[in-house]
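Let me begin by presenting the structure, written as structure tokens, before commenting on it.
Each value in this text was obtained by applying a stated rule to the coordinates, not by laboratory testing. In this text the structure is predicted, and so the values were computed from the model without any measurement. No Cβ is skipped: glycine too gets one built from the backbone with ideal geometry, and neighbour counts run over all protein chains shown.
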Amino acid sequence: MNATNNACMSNNWIGYSKYQWSITPRSRNTSHVWYVLTSGYVAYANANYSYGVRPVVYLDSGVKIVEGTGTETDPYILTK
């Protein structure tokens, strides 16, 4: 798993300046959590490491994007 293509690396909220935890534990060992490396690759590590975190939201499947491109200056506008 990775997100290293140019579009992902330059147009992405993750930023890749530090390792970032995901919200997802590893299924084989729940003390391990998936994280995104600065290169864009995904790996897992023990959850006691001091990696960055970001707020996470879950959207209902009925939510639709009605406007915006998802950038900082043109954020998505959502409706249900």
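For a quick protection proxy, order the peptides 66-73, 41-48 by their average other-Cβ count within 10 Å, most packed first.
The peptides rank, most packed first, as 41-48, 66-73.
Available extension along the chain between TYR51 and ASN29 is 6.1 nm, counting 0.36 nm per residue and deducting the alpha carbon span.
Extension gain, TYR41 to GLU67, is 6.4 nm, computed as 0.36 nm per intervening residue step minus the present C-alpha separation. Highest mean packing first, where packing is the average number of other Cβ atoms within 10 Å per residue, the peptides 58-64, 23-29 line up as 23-29, 58-64.
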